[in-house]
Structure formats: C-alpha cells, structure tokens
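The values are calculated or read from the model by the stated rules, or taken from the named source; none is laboratory data. As the structure is a prediction and not an experimental result, all values here were calculated from the model. Reconstructed Cβ throughout: ideal geometry from the backbone, glycine too, with neighbour counts over all protein chains shown. Keep in mind that these areas ignore ligands, DNA and RNA; they rest on the heavy atoms of the full protein, side chains included. Shrake-Rupley method; radii C 1.70, N 1.55, O 1.52, S 1.80 Å.
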Amino acid sequence: DAGWTFSVESPGPAIPERDRQRIFEPWQRGWGERRSRGVGLGLAIVRQVVERHGGHVGVTSPEPTANRFFFTLPAK
C-alpha cells in the first residue's frame, strides 16, 4: 500500500515476540523497565494517535540488543 513508514531503533534487550503487542497497551511496560521512570502510557498514546490517522504501530527486534519501533501512515 502507498504510505509512509517511520522507525527508530533503540538499544536494549530484545522485546520477546509474545510481548510486542502488549507494550502498546495502557499501563504496560517492558519486563526490564522496572527501574525506569514513566508509567507505561507513552506507546499507548502513540498507538492511539497513529490509529486515528489510519496507520498502525509495531516493534521488531532485528538483533538481540536492539528494538525497532515503527509506525505507518497512509499517503493522502
């Protein structure tokens, strides 16, 4: 489909595949982020904004020490 994809790569332990959708839910955080600041709303807000514009969000782990967060938007 025609559209735009934006991504950012973040260092850190790879997010297990079973958790990759869960982290976009409100109040959810990655398993290794217990000592980090925040309450688990950032990715949920991003997902809501992107979906309202007809896009979608996701995360892949191309390496054991990195995660790639992305979102797509339709070209209008």
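When Gly54 is tested against (1) at pLDDT 95 or above; (2) part of a loop (DSSP other than H, G, I, E, B); (3) at negative phi, only condition (3) is not met.
Is there a residue being touching a strand residue (DSSP E or B) at 6+ places or on another chain (Cβ under 8 Å), part of a helix (DSSP H, G or I) and modelled with pLDDT under 95 anywhere in segment 25-48? Write out each step before concluding.
The initial filter retains those residues of segment 25-48 that are touching a strand residue (DSSP E or B) at 6+ places or on another chain (Cβ under 8 Å), namely 43, 46-47.
Still in the running and part of a helix (DSSP H, G or I): 43, 46-47.
So of that shortlist, the ones also modelled with pLDDT under 95 come out as 43.
So far as segment 25-48 goes, yes, one or more of its residues are touching a strand residue (DSSP E or B) at 6+ places or on another chain (Cβ under 8 Å), part of a helix (DSSP H, G or I) and modelled with pLDDT under 95.
Quick one: would you say Val59 is in a helix (DSSP H, G or I), at pLDDT 90 or above and surrounded by 12 or more Cβ atoms within 10 Å (Cβ to Cβ)?
Here the answer is no, as Val59 does not meet what is asked.
Could you please find all residues in segment 1-24 being charged (D, E, K, R) and open to solvent by less than 80 Å² (accessible area, probe 1.4 Å)? The answer is Asp19, Arg20, Arg22.
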